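Here's the structure, in structure tokens; my notes come after.
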Amino acid sequence: PETITVQELAARMSMRAVDLVKELMKEGQMVTANATLDADTAQLVAEDLGHSVKRVSEADVEEGLEGAADKPEDMKPRPPVVTIMGHVDHGKTSLLDAMRQTDIVAGEAGGITQHIGAYQVDLGDNRKITFLDTPGHAAFTQMRSRGAQVTDIIILVVAADDSIMPQTEEAISHAKAAGVPIIVAINKVDKPDADPNKVRTDLLQHEIQVESMGGDVQDVEVSALKKMNLDALQDAILLQAELLELKANPDRPAEGAVVEARLDKGRGAVATFLVERGTLHRGDILVVGSEWGKVRAMHDDKGQQVKEAGPAYPVEVLGLDGVPEPGDKFNVVESEARAREVAEFRKRQRRDKAAAQTSGTSLEQMMAQL
Ligand code: GTP
Ligand code: MG
């Protein structure tokens, strides 16, 4: 049922909560500022006090934000988005760095890379892979809890001299919970005490059956240090991507998720977006979580300014009015007024939720806008 706290109702009428409590007492309602009122009562009281009431539900404000479903004929292949997970020191960062060096474009540009939380490796011949950089398990869980399912494939890095460890198990359960296919990268095979077969048998205990054990999970032996067999790992990713038939409509207003965001002293809010569908353009107006903004500038992971970003393309965006949270969704909208309306609505919602949590009442969502 729709409810609102006395406090929140007072705030929306620009009056003090104590004064509203007094008004309610006059009506015979003995309540405190933390009490919740049902929508009808709140409306009556507000109207008695001379306010006109417009009830707004979440469905109304967010209506049409996502846009229409895409037609099958508008769907075009897009690069896979890959997250690397694994136990501490098993070589996640080394592997990412090694694969990044295989980018033909970065090579040409002199390889000046920039940390934006995600990057794309261009292998030529229209083969591209997007990596989410060092998201860590906590960030992955946070993004998932916000409904952002941006990863298509998980690379499970297992050091061949160490085999399955606690965070390997954690990564396996993340992948399973998210329903994301795994590719096993058996790393550090250059080490004298490497035992790749032990990794394969140990994986069986976690219901991961690699191909050489008769299963359908791809496994590749690599050495991030010696840059051995990286092309085989990339081929495995591209093969898995092909099986997933990853497609998106690039010709529509952009929609996607925040990978990373921070406040920069000189540049204001800086956020890395991963476009999920549509194309993001410079000048686009968007709402992202409970923030909004106008895309003032975009950079890719090579630090180059870009004017547009299509599906699975990670970009750093400037021009937001505040710092969004990782996992927040962004949507391009038609006007600043609309962007502001949605952002403000969500800000109120988040505030209400926080208030309800602290006061222990179950406040479902905001109901009245006065
Ligand atoms: P955290 O971020 O701390 O969880 O570690 P990580 O998984 O990112 O591992 P990282 O890439 O930092 O590598 C850990 C150590 O293993 C470093 O000393 C690397 O040089 C070494 N290492 C990584 N890959 C290989 C490899 O293929 N062979 C050998 N011999 N050493 C490796
Ligand atoms: Mg690391």
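Listing for the model above:
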| item | result |
| --- | --- |
| Filtered residue count, segment 97-118, keeping only those that are touching a strand residue (DSSP E or B) at 6+ places or on another chain (Cβ under 7 Å) and either modelled with pLDDT of 90 or more or in a strand (DSSP E or B) (or both) | 2 |
| Residue 70 among the acidic types (Asp, Glu) and either closer than 30 Å to residue 159 by Cβ or modelled with pLDDT of 90 or more (or both) | yes |
| Which listed residue is of a type in the set (A, V, I, L, M, F, W, C) and open to solvent by 60 Å² or more (accessible area, probe 1.4 Å), from 10, 69 | 69 |
| Within segment 204-233, tally of residues that are within 16 Å of ligand 1 (Cβ to nearest atom) and over 16 Å from residue 175 (Cβ atoms) | 14 |
| Pair list, Cβ < 6 Å and 6+ apart or interchain, from segment 75-86 residues that are on the phi > 0 side of the Ramachandran plot and of a type outside the set (A, V, I, L, M) to residues that are open to solvent by 50 Å² or more (accessible area, probe 1.4 Å) and within 16 Å of ligand 2 (Cβ to nearest atom) | 86/92 |
| For residue 304: the one exception among (1) closer than 20 Å to residue 67 by Cα; (2) open to solvent by 10 Å² or more (accessible area, probe 1.4 Å) | (1) |
| Residue list for segment 231-248, filter: surrounded by 18 or more Cβ atoms within 10 Å (Cβ to Cβ) and not in a helix (DSSP H, G or I) | 246, 248 |
| Qualifying residue in segment 179-200 (condition: within 16 Å of ligand 2 (Cβ to nearest atom), crowded, with 20+ Cβ neighbours inside 10 Å, touching a residue at least 12 places away in the same chain (Cβ under 8 Å) and of a type in the set (Lys, Arg)) | yes |
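So that you can scan it fast, the table gives a plain yes or no per residue for (1) modelled with pLDDT of 95 or more; (2) open to solvent by 40 Å² or more (accessible area, probe 1.4 Å); (3) part of a strand (DSSP E or B):
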position: 261; (1), (2), (3): no, no, yes
position: 269; (1), (2), (3): yes, no, yes
position: 280; (1), (2), (3): yes, no, yes
position: 294; (1), (2), (3): yes, yes, yes
position: 317; (1), (2), (3): yes, no, yes
position: 323; (1), (2), (3): yes, yes, no
position: 327; (1), (2), (3): no, no, no
position: 332; (1), (2), (3): yes, no, yes
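The values are calculated or read from the model by the stated rules, or taken from the named source; none is laboratory data. Not measured: the values here are computed from a predicted model. With ideal geometry, Cβ positions are generated from the backbone for all residues, glycine too; neighbour counts draw on all protein chains shown. Areas reflect the complete protein model, heavy atoms only, side chains present, ligands, DNA and RNA absent. Shrake-Rupley method; radii C 1.70, N 1.55, O 1.52, S 1.80 Å.
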